[in-house]
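For reference, the structure is listed below as structure tokens.
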Amino acid sequence: MGRVKKISEVVDILKQKEQIRNIGIIAHVDHGKTTTSDSLLAAAGLLSPSLAGRALALDYLEEEQQRQMTIKAANVSLYYEADGKPYIINLIDTPGHVDFSGRVTRALRAIDGAIVVVDAVEGVMTQTETVIRQALGERVRPVLYINKIDRLVKELRLPPEKIQETLARIVREVNNLVEMYAEPEYREKWKVSFAENTVALGSSKDRWGFTVKQAQQKGIKFSDVIDAFSREDLEWLRQKVPLHEALLEMVISKHPPPHVAQRYRISKIWRGDLESEVGQAMLNCDENGPTVMAVTDVRVDPQAGVVATGRLFSGTITEGDSVILVGRNITGRVQQVGVYMGPARELVGTIPAGNIPAVLGINDVRAGDTLATVETIPFESLKYVSEPVVTIAVEPKYSRDLPKLVEFLNKLTIEDPTLVTVVRPETGEYLISGMGTLHLEIALTWIQKAGLEVVAGKPIILYRETVTTKGREFEGKSPNRHNRIYTRIEPLEPEIVELIRKGELFDEMDRKQVAKILREHGWDAEEARNVWQIDGRGNILVDATKGAQYLHESKMMIIGGWQRVMQEGPLAAENMRGVKAVLTQVELHEDPVHRGYAQIAPATWRSLYASVLSASPVLLEPVLKIEAKVSAEFMGAVTSTITSKRGRVLDVKQAEYVTVVVGEIPASETFDLSEAMRSATMGKAFWATEFSQWRPVPATLRDKVIQEIRKRKGLPLEVPTISQFVEEE
């Protein structure tokens, strides 16, 4: 154990499904995921033992080493022998910070089991709940590892019975989450317990840990652990109960091998026909079936180009194979197939189903794509829990760097689809939008690391616009006055907006499926059948015309006009959200010359803008949920910091050693939140925010905010009126 195998020996094991485990480590930020991964890497002979716990090998970006935070989910194949049998454990390390939850979602798609790491002192926190919910949503089985036990002994100096109470409470809290989020048939099966050997405890930093079964086998009691601390003999603990043994044996005995997991996971993560050839091949993890791989991570390697990593659910992928990017009409040829052993990629030539290959040569691939050798239904579009709410404008300091900046921003968005970049042609600025200020700070750091000097503006909050009542129907005339388009606007039901946000209702879906979902949510059958377009921000365009002539030829132009309004609402030219637009009738000129795009699109958007303005439009601002943990004496300081920033406190929970304040706060008030929190609590508050919801800007601030945005965008300060778009009767 501990010697690195020759790559040829590893390839032999990759063919034995029984001896493969695909797992991930998930946790709240700072609970010790990466330090835990290091112990496992050391065990598999990839890191020298003396470095583990300090090396943070999976944080191979210098940026992460400095921030001590995992930003990119890295994946590694570990070699381990248990009961004389060799195993390959494909481990994916995931970020815990909420700004990176898109990457967590993707990593979960590729794995069958997760080690949930929880800090013994802080216990279960918001993000722990989010990642457990996401894991159970992808049918990934959790086991629990309670880390930082040393803090209970050294910092809090708890007696053994108090320590046991704390551990029992954490197990109970995790099981409550399983009870809450697991599907009925897994609720009992997937709860964790000491007796079942699905809970380990230890300290990743000091690299010791055990499950109850191992403690019994090795004859070690908790009092021995406390003794070892009191005589400062951690080396004894490390030798007696090395952490990697506890975790890897728990994984091998409790997490399913790929062919077992795929039988129950495929139906959850793939919407195709399970009886089809592809469906059967994936259910059986059949290496002789068609190749189907869900891409979870894409990196741009400066030497090799684009590297796509993901889970191979069926078939075998080999150098030279031709593959299709499903649903995108692109084919590519696989140039190399490898596995990651730590940051290094080892070439293996060919890999069978059930593994996590790294594939080179497919340049157009993006995280979330499905690669296959046959046309099939892609894996469901990956659902990102949050949406970009903060934007920053960047421009190169020297104009000669512009092409390099463009190329680098492209690379960034390939690697992280939750970052959105747009060019503002009129100002030449590049806008980068992310999940929070931290997400953007890191993107900027990467730009600087690439040797590009950029000037960045102040972060800007992204707002949305919506309507609160049903608008009137208006006639929009084309510039040549030969075409008339009539539309009306109404609010879209919140549950439909939610389905779109979750990725359960999207534009590429079969229209019959769309109609079925909408009817189930109370839509009229006729409207449900005639959905023309759904955009990802939660807007729908419906055709309710009867027997209209030339409509089919003008459909794309009408959609173009609608898209313009959805991208730039009338109040502040911000994206619209939660709006249903209904095309009620059209009068189109019979001569195609008179109904080109330049006629139809303006007629459409004039009518739509007028209807939006008649439907009590409001500006929505992003509101973040904030959770802060502090000792009781700072509770007042935290609550007053939240309320001073237009926030409100929703709940104060008194846990054993900390007070948890849960609240919400508008994103526009969070730019100096870290300074405010630090000074109010002398740096002792541990807190995190995540996107919670869109909420109307308070009436007292509304006009001021709209004016500020219009001024920033160079628009006339006055909000337009209906008569600027249509002739009112």
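For the stretch 165-182, indicate whether the set of residues that are in contact (Cβ under 8 Å) with a residue 40 or more places away in the chain and assigned to a strand (DSSP E or B) is non-empty.
Scanning the stretch 165-182 turns up no residue that is in contact (Cβ under 8 Å) with a residue 40 or more places away in the chain and assigned to a strand (DSSP E or B).
Condition first: assigned to a helix (DSSP H, G or I), open to solvent by 10 Å² or more (accessible area, probe 1.4 Å) and touching a residue at least 40 places away in the same chain (Cβ under 8 Å). Can you find one or more residues in the stretch 657-670 that meet it?
If we filter the stretch 657-670 for residues that are assigned to a helix (DSSP H, G or I), which is where we start, we get 667-669.
Retained after the next criterion (residues that are open to solvent by 10 Å² or more (accessible area, probe 1.4 Å)): 668-669.
Cutting the leftovers down to touching a residue at least 40 places away in the same chain (Cβ under 8 Å) gives us 668.
Checked against the condition, which is being assigned to a helix (DSSP H, G or I), open to solvent by 10 Å² or more (accessible area, probe 1.4 Å) and touching a residue at least 40 places away in the same chain (Cβ under 8 Å), the stretch 657-670 yields at least one hit.
Looking at (1) outside any loop (DSSP other than H, G, I, E, B); (2) touching a Ser or Thr at 6+ places or on another chain (Cβ under 9 Å), which one does residue 714 not meet, given that it meets all the others?
Tallying (1) outside any loop (DSSP other than H, G, I, E, B); (2) touching a Ser or Thr at 6+ places or on another chain (Cβ under 9 Å), residue 714 fails exactly one: (1).
Considering only the stretch 683-699, state which residues are open to solvent by less than 70 Å² (accessible area, probe 1.4 Å) and assigned to a loop (DSSP other than H, G, I, E, B).
683, 685, 697, 698
Taking the stated definitions as given, is residue 540 without any contact (Cβ under 8 Å) to a residue 40 or more places away in the chain and touching a Leu at 6+ places or on another chain (Cβ under 7 Å)?
Working: without any contact (Cβ under 8 Å) to a residue 40 or more places away in the chain: no; touching a Leu at 6+ places or on another chain (Cβ under 7 Å): yes.
Answer is no for this residue.
For residues in the stretch 359-390 being modelled with pLDDT of 80 or more and touching a helix residue (DSSP H, G or I) at 6+ places or on another chain (Cβ under 8 Å), which is nearest to residue 501 (Cα to Cα)?
Among residues in the stretch 359-390 that are modelled with pLDDT of 80 or more and touching a helix residue (DSSP H, G or I) at 6+ places or on another chain (Cβ under 8 Å), the one nearest to residue 501 (Cα to Cα) is 389.
Considering 457, 436, which residue is surrounded by 12 or more Cβ atoms within 10 Å (Cβ to Cβ), within 20 Å of the chain's Cα centre (by Cα), among the small types (Gly, Ala, Ser) and under 30 Å from residue 699 (Cβ atoms)?
Details: 457 fails: within 20 Å of the chain's Cα centre (by Cα).
Going through 457, 436 in turn, the sole match is 436.
Identify all residues within the stretch 606-656 that are of a type in the set (A, V, I, L, M), crowded, with 17+ Cβ neighbours inside 10 Å and within 18 Å of residue 126 (Cβ to Cβ); write none if there are none.
623, 624, 626, 628, 630, 635, 638, 642, 649
Find the residue count for the stretch 275-299, including only residues that are of a type in the set (A, V, I, L, M, F, W, C) and more than 19 Å from residue 112 (Cα to Cα).
First, pick out the residues of the stretch 275-299 that are of a type in the set (A, V, I, L, M, F, W, C): 278, 281-283, 285, 292-295, 298.
This time we only want the ones that are more than 19 Å from residue 112 (Cα to Cα), so: 278, 298.
Of the residues in that region, 2 qualify.
For every residue, the table says whether it meets (1) among the basic types (Lys, Arg); (2) outside any loop (DSSP other than H, G, I, E, B); (3) modelled with pLDDT of 80 or more; (4) over 18 Å from residue 437 (Cβ atoms).
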| site | (1), (2), (3), (4) |
| --- | --- |
| 70 | no, no, no, yes |
| 86 | no, yes, yes, yes |
| 90 | no, yes, yes, yes |
| 104 | no, yes, no, yes |
| 109 | yes, yes, yes, yes |
| 116 | no, yes, yes, yes |
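Those residues that are modelled with pLDDT under 70, over 18 Å from residue 148 (Cβ atoms) and open to solvent by 10 Å² or more (accessible area, probe 1.4 Å), I need them from the stretch 1-44; list them, please.
1, 2, 3, 4, 5, 6, 7, 8, 9, 42
Can you work out which of the residues in the stretch 715-729 that are at pLDDT below 90 and open to solvent by 70 Å² or more (accessible area, probe 1.4 Å) is farthest from residue 572 (Cα to Cα)? It would help to see each step written out before you state the result.
To start, the set of residues in the stretch 715-729 that are at pLDDT below 90 comprises 726-729.
Applying the additional criterion that residues be open to solvent by 70 Å² or more (accessible area, probe 1.4 Å) yields 727-729.
Working: 727: 22, 728: 23, 729: 26 Å.
My answer is 729.
Among the residues of the stretch 402-417 satisfying the criterion of being closer than 23 Å to residue 368 by Cβ and of a type in the set (A, V, I, L, M, F, W, C), which is modelled with the lowest pLDDT? Walk me through how you get there before you give the answer.
Step one: list which residues in the stretch 402-417 are closer than 23 Å to residue 368 by Cβ, which gives 406-417.
Checking which are of a type in the set (A, V, I, L, M, F, W, C) leaves us with 406, 408-409, 412, 414.
Numbers: 406: 82, 408: 83, 409: 83, 412: 77, 414: 70.
The qualifying residue modelled with the lowest pLDDT is 414.
Of (1) aromatic (Phe, Trp, Tyr); (2) open to solvent by 10 Å² or more (accessible area, probe 1.4 Å); (3) under 13 Å from residue 250 (Cα atoms); (4) not in a loop (DSSP other than H, G, I, E, B), residue 194 satisfies all except one. Which?
Of (1) aromatic (Phe, Trp, Tyr); (2) open to solvent by 10 Å² or more (accessible area, probe 1.4 Å); (3) under 13 Å from residue 250 (Cα atoms); (4) not in a loop (DSSP other than H, G, I, E, B), only one is false for residue 194: (4).
Identify all residues within the stretch 290-340 that are of a type in the set (Gly, Ala, Ser) and closer than 18 Å to residue 266 by Cα; write none if there are none. Full working, then the answer.
Going residue by residue through the stretch 290-340, those that are of a type in the set (Gly, Ala, Ser) are 294, 304-305, 308, 310, 314-315, 320, 322, 327, 332, 338.
Of everything in the stretch 290-340, those that are of a type in the set (Gly, Ala, Ser) and closer than 18 Å to residue 266 by Cα turn out to be 294, 310, 314, 315.
Within the stretch 585-607, track down each residue that is in a helix (DSSP H, G or I), of a type in the set (A, V, I, L, M, F, W, C) and under 43 Å from the mean Cα position of the chain (by Cα).
Taking the stretch 585-607 and keeping what is in a helix (DSSP H, G or I), we get 592-595, 597-607.
With the extra rule that they be of a type in the set (A, V, I, L, M, F, W, C), the set shrinks to 593, 598, 600-601, 603, 605.
Scanning the stretch 585-607 gives 598, 600, 601, 603, 605.
Residue pairs, Cβ under 7 Å, 6 or more apart or interchain, first in the stretch 567-591 and among the polar types (S, T, N, Q), second open to solvent by 10 Å² or more (accessible area, probe 1.4 Å) and in a loop (DSSP other than H, G, I, E, B). List them.
Matching pairs, first to second residue: 567/575; 575/537; 584/473; 584/544; 584/545; 585/545; 585/548.
On the basis of being modelled with pLDDT of 90 or more and on the phi < 0 side of the Ramachandran plot, does residue 302 make the cut?
So residue 302 fails the test.
The values are calculated or read from the model by the stated rules, or taken from the named source; none is laboratory data. Just so it is clear, the model here is predicted, and its values are computed rather than measured. Neighbour counts run over all protein chains shown; Cβ positions are idealised from the backbone, glycine included. The area values use the complete protein model at the heavy-atom level, side chains included, leaving out ligands, DNA and RNA. Shrake-Rupley method; radii C 1.70, N 1.55, O 1.52, S 1.80 Å.
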